[in-house]
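The values are calculated or read from the model by the stated rules, or taken from the named source; none is laboratory data. No experiment lies behind these values; they were computed from the predicted model shown. Note that each Cβ is placed from the backbone with ideal geometry, even for glycine, and that neighbours are counted across all protein chains shown. Note: accessible area is taken over every heavy atom of the protein model, side chains too, but ligands, DNA and RNA are not part of it. Shrake-Rupley method; radii C 1.70, N 1.55, O 1.52, S 1.80 Å.
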Amino acid sequence: MEGLRGPLPHLRYGLALNDRGYFWESQEVLEAVWAAAPQGGRERILLRACIQIANANLRLRMQKAHSAARLFGDALGELRSLTSRKAAPAGDGFVESFPIPALTALLQAKLGRPQLSKADWIAISAIVRS
């Protein structure tokens, strides 16, 4: 992940903030990492999906389930777009090791529920570790 080697600790920090319930802060850190990522790279797509998930998690906390569902749907669209793009010959580091199918399945399951609640927030790092 050539463009993200330097900011990789920031990426981990942003995901950890999300997983500890600091959704707004997570979104802010992830947006900074996204801004530093190479234009047109696959990592920008994955980061955009993670930002949308953190934002959706915040909306769930605010009891705005419809808005959260829309953001989860946007993140799912980003992940689908990501899987249709070919990896660079050397790979994209974090993107290549990220469990995109697991996150895609989790988002689909959440979106398949009749109504989302506060308890439906997504811990991104838990997916990465599993």
Note to self: C-alpha centroids of region 69-86 and region 28-61 sit apart, in Å, by 12
Counting only backbone N atoms under 15 Å from a point 7 Å out along Cα-to-Cβ of Arg20, the residues of region 107-130 in range are 124-126
Regression test value, accessible area per residue of the chain, probe 1.4 Å, units Å², expected 52
Mean-square fluctuation maximum in Gaussian network of the chain, Cα pairs under 10 Å, restricted to Ala56, Ala102, Ala69, hits Ala102
One finds, for Lys118 and Ala35 with R0 = 30 angstrom and r their Cβ-Cβ distance, a FRET efficiency to the nearest 0.05 of 0.50
For Glu96, placing the label point 7 angstrom along Cα-to-beta-carbon and taking region 39-55, residues whose amide nitrogen sits under 15 Å are 42-43
Listed by chain and number, the lysines with an alpha carbon less than 23 angstrom from that of Lys64, same-chain partners under 8 positions apart left out, are Lys110, Lys118
Per DSSP, the loop-located trypsin sites (Lys or Arg not before Pro) within region 33-123 having at most 10 other beta carbons within 10 Å are Lys86
